[in-house]
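What follows is a single structure, written as structure tokens, with notes after it.
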Amino acid sequence: MQDIPTLIEKFLLVRQSSEDFCKPLEIEDYGLQAIAETSPAKWHLAHTSWFFETFILKSYEKGFKHFNNKFEYLFNSYYNGIGEQFLRSKRGLLSRPTVKEVFQYRNNVTQRIIDVLNNGDVAQTELCDLIILGINHEQQHQELFFTDLLFNWFQNPLLPTYQNRTLQKTLIDTKKSSWIEQSEGLVEIGNDFDGSMFIFDNESPRHQCFLKPFAIQNRLVTNREYLEFIHEKGYNRPEFWLSDGWSTIKQQSWKAPLYWKHEGETWYQYGLNGLRQLDLEAPVSHISAYEADAFARWAGARLPTEAEWEIVANKRTAEHGNFVETNNLVPVAAENEQFYGDVWEWTSSAYSPYPGFKPPKGAVGEYNGKFMCNQLVLRGGSCVTSKHHIRSSYRNFFYPEARWQFSGLRLVRDL
């Protein structure tokens, strides 16, 4: 049984954080959507409220009534078990409801969730589990808020700035980076629903994997190293590229990571802190899996599997990682090991179900399971992930061509 006051406190903190993140926005920013993959800030605010209304209030609130019954269609993301959805690529056309109405919707749902939690007549265990899922769901959308806003703003020649912050740089000596060796053997990865911590369904069940001996780098690949790959014509040498990757970079005319700009002899990078000179010691970010894989081949290495990453990360802590709470909102150089925060790390593992995986019953079972096809797993969290939302077993997933996320890489070598 969850402690209800503590759960309400966590719920309110996450709900307030979503709104606090929007404070630097002007009203014109709330409806931006450059591509189908990015959603407007207003939609994120509404959809996370829709989640609580749809999966909790409809089942647990006495005398339930929709705040607006059309919202079930407008703000349903992909849950076919709930009903049809407004076309994803046209979310930016939803000038109505207004931003004011969306905030009213949020306030209404937030208060009603608290009222339900304070009602002692409901089945608390199942209800609390759904509240915790909703909290983690909203944290995912907070991260998407930042990545989507950055991409949407990048289309504007003015290159808007979310914040103007002086970053504390920590210089690293790449020559002193080390390789962590892992011996051959049978290991266990994943997590089980044992009540000790929240996990998403795709992290379960815990199961065995056999690993051959390998060495994994103790830090992320830096902008300096990636720039060397560019200078050595990495984007023009097909021997480093997977076939689909080569086709993609030619079709898209990619010559550098997303958000990099080249003026004269100087490279710049656009981020939530505006356009700034490229920090050579910071981890490279906003690259696709194709680019990560090509760099690894050029470097005489490869990407880790998700099992290799997890078994090493299990021995590390996320306590001092560069997450959204640091308020950097960009990857930064680290003096010591980097296994959590800064950038999501591409792995070579296909996003597929673990042996024995079973999605939850009902529409909520569509959360992860139906996406287990044609995507790759990323690990570790990023500079816009909450530190309260990451663990070694966390499985993020994107299509290999995706670049608008804070995605980078670390290297692995066979022993």
Near the amide H of GLY274, under 5 Å away, which other amide H atoms are found, from residues 5 or more places off or on another chain, if H is placed in the peptide plane? TYR162, GLN163
Stretch gain in nm, segment PHE371-SER183, where the contour uses 0.36 nm per residue and the Cα spacing is subtracted: 64.4 nm
Run the quick spin-label model on SER196 and HIS231: label points 7 Å from Cα toward the beta carbon, then report their separation in nm to one decimal. 4.8 nm
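Taking all protein chains together and a probe of 1.4 Å, list SER183, SER247 from the most accessible to the least accessible.
On the way: SER183 85, SER247 50 Å².
From most accessible down to least: SER183, SER247.
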If you put +1 on each Lys and Arg Cβ and -1 on each Asp and Glu Cβ, how big is the dipole of the chain around its Cα centre, in Debye rounded to 20? 680 debye
What residues have an amide H closer than 5 Å to that of PHE397, excluding those fewer than 5 places away on the same chain, when H is modeled at 1.01 Å from N in the peptide plane? LEU378
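Using a Förster radius of 41 Å, what is the FRET efficiency between GLN163 and ILE132 based on their Cβ-Cβ separation? Nearest 0.05, please. Present the calculation step by step, with values, prior to reporting the outcome.
Working: r = 30 Å, r/R0 = 0.73.
Once rounded, the FRET efficiency stands at 0.85.
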ASP129 accessible area, nearest 10 Å², 1.4 Å probe? 90 Å²
Expressed as an acute angle from 0 to 90° and rounded to the nearest 10, what is the orientation of the C-alpha long axis of helix 289-298 relative to the principal long axis of the chain? 20 degrees
Gain in length, LEU415 to ALA363, computed as 0.36 nm per residue apart minus the alpha-carbon separation, to one decimal in nm? 14.2 nm
Determine the distance separating the Cα centre of region 211-239 from the Cα centre of region 249-275; give it in Å without decimals. 18 Å
What distance in nm lies between label points placed 7 Å from Cα along the C-beta direction at ILE35 and ASN314? 3.6 nm
In Å², what does the accessible area per residue of region 255-348 work out to with a 1.4 Å probe? 36 Å²
³J(HN,Hα) computed for each position of region 390-402 - Karplus, 6.51 cos²θ - 1.76 cosθ + 1.60, integer Hz, glycine/proline x: 10, 7, 5, 8, 5, 10, 8, 7, 8, 5, x, 8, 5
Between 0 and 90°, nearest 10: helix 41-52 axis offset from the chain longest Cα axis: 50 degrees
Tell me which residues come under 5 Å, amide H to amide H, from ASN322 once H is placed; ignore anything under 5 positions away on its chain. ASP342
Calculate what fraction, in whole %, of the accessible area of the chain sits on carbon and sulfur atoms when a 1.4 Å probe is rolled over the protein chains. 49 percent
Heavy atoms only, 1.4 Å probe, whole protein assembly: order THR38, THR161 by accessible area, highest first. THR161, THR38
Tell me, what ³J(HN,Hα) does each residue in region 62-75 have, in order and in whole Hz, if you take phi through Karplus 6.51 cos²θ - 1.76 cosθ + 1.60 with θ = phi - 60° and put x for Gly and Pro? 5, x, 3, 9, 4, 4, 8, 5, 6, 5, 4, 7, 5, 10
In Hz, Karplus ³J(HN,Hα) per residue of region 53-59 (6.51, -1.76, 1.60; θ = phi - 60°; x = Gly, Pro): 5, 6, 8, 10, 5, 4, 9
Rounded to the nearest 10 Å², the accessible area of ILE114 using a 1.4 Å probe with every protein chain kept is 20 Å²
Distance from region 94-142 to region 312-374 (C-alpha centre basis), Å: 24 Å
With springs connecting C-alpha atoms under 10 Å apart, model the chain as a Gaussian network and identify which of GLU345, GLU308, GLU126 has the largest mean-square fluctuation. GLU126
How far apart, in nm, are two points set 7 Å out from the Cα along the Cα-to-Cβ line at ASN108 and at LEU87? 2.7 nm
Would you look at the GNM of the chain, springs on alpha carbons closer than 10 Å, and say which of TYR290, TYR354, TYR394 moves the most? TYR354
State which entries of LYS233/LYS261; LYS23/LYS358; LYS90/LYS387 exceed 28 angstrom in Cα-Cα distance in the structure shown. LYS23/LYS358; LYS90/LYS387
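The values are calculated or read from the model by the stated rules, or taken from the named source; none is laboratory data. From a predicted model like this one, the values you see are computed outputs, not experimental measurements. As a convention, Cβ positions derive from the backbone with ideal geometry for all residues, glycine included, and neighbour counts pool all protein chains shown. When the accessible area is computed, the model is the full protein with side chains, heavy atoms only, and any ligands, DNA or RNA have been set aside. Shrake-Rupley method; radii C 1.70, N 1.55, O 1.52, S 1.80 Å.
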